[in-house]
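Read the figures in this text as sums done on the coordinates, not as results from a lab. As the structure is a computational prediction, the values presented were derived from the model and not from experiment. Positions of Cβ are backbone-derived with ideal geometry, glycine not excepted, and every protein chain shown enters the neighbour counts.
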Amino acid sequence: MKSILAALVVISALFSIPPAFADTKTHKASQISFWVPDAWSVESLDGDQLALKDPKDQVGLLLFAIDAKDAKNALAALDQTINKLVTDVKMSGSPKKVSINGMEASVVDGTGKADGKAVELSVLLVKTPTKKFLAIFGALEASKKKAHEADLRKILASLKPAAKSK
């Protein structure tokens with residue numbers, strides 16, 4: 001299976017897509033800012049977790065910071081969250097190293113089921129300026145992938161260290 005987030009990260013690096021008519025959010029614990037499509041909802045959950053979803057609930061992203069010494073430990077901690085949200089999880093291969101706007105990152109993809117529907121999964125782990133890891137867990141209704149590729153590409157391309165306030 002093709003790596004959803006890895007492919008989108010590579011494509012985003014090649015083509016700079018400006019986020020027009022949308023909002024920029026900052027994940028405070030990791031100090032990473034990102035673009036959010038206008039129609040999407042952003043909800044703060046426990047602590048430093050943010051949940052993003054499209055209006056039709058076909059794609060969702062969960063962002064949260066992980067205090068871990070390295071990416072391997074961070075990914076191990078993330079498994080618990082994935083297993084709470086998705087069943088029949090099958091991850092494909094080992095994490096691939098990528099770079100997003102100068103930040104080291106790893107991505108791994110898979111498949112599973114959520115609410116009885118087949119979903120494609122991606123986990124992106126970004127080493128942040130705060131020396132934490134920002135975990136982004138994405139689930140996309142498999143049959144709706146094409147409809148959401150452009151927004152996902154823009155979101156990933158927009159990930160960057162937040163501007164420091166003076």
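Mark the label point 7 Å from the Cα of Lys90 along Cα→Cβ and return the residues of the range 135-157 whose backbone N is within less than 20 Å of it.
Answer for the range 135-157: 138-145.
How far, in nm, would the chain grow between Met103 and Asn83 when pulled straight, counting 0.36 nm per residue and subtracting the alpha carbon separation? Working shown, then result.
On the way: separation 20, 0.36 × 20 = 7.20 nm, distance 2.70 nm.
Working it through step by step, the gained length comes to 4.5 nm.
Only sites in a loop by DSSP and with at most 16 other Cβ atoms within 10 Å count here; which trypsin sites (Lys or Arg not before Pro) in the range 44-73 make the cut?
Of the trypsin sites (Lys or Arg not before Pro), the ones in loops of the range 44-73 whose Cβ has at most 16 other Cβ atoms within 10 Å are Lys56, Lys69.
What is the ratio of the Cα radius of gyration of the range 4-159 to 2.2 N^0.38 Å, with N the residue count, to two decimals? Display every interim value, and only then the final one.
Numbers: Rg = 14.3 Å, N = 156, 2.2 N^0.38 = 15.0 Å.
Cα-based Rg divided by the globular estimate yields 0.95.
For each pair in Lys69/Lys145; Lys69/Lys113; Lys53/Lys146; Lys25/Lys144, compute the distance between the two Cα atoms and list the pairs where it is over 27 Å.
Lys69/Lys145; Lys69/Lys113
How much length is gained on full extension from Val42 to Asp23, taking 0.36 nm per residue of separation minus their Cα-Cα distance? Present the calculation step by step, with values, prior to reporting the outcome.
Numbers: separation 19, 0.36 × 19 = 6.84 nm, distance 1.03 nm.
Length gained between Val42 and Asp23: 5.8 nm.
Please list, in order along the range 38-55, the HN-Hα scalar couplings obtained from phi with the Karplus expression 6.51 cos²θ - 1.76 cosθ + 1.60 (θ = phi - 60°), rounded to whole Hz, x for Gly and Pro.
3, 6, 7, 9, 10, 10, 7, 10, 3, x, 9, 8, 10, 10, 10, 8, 7, x
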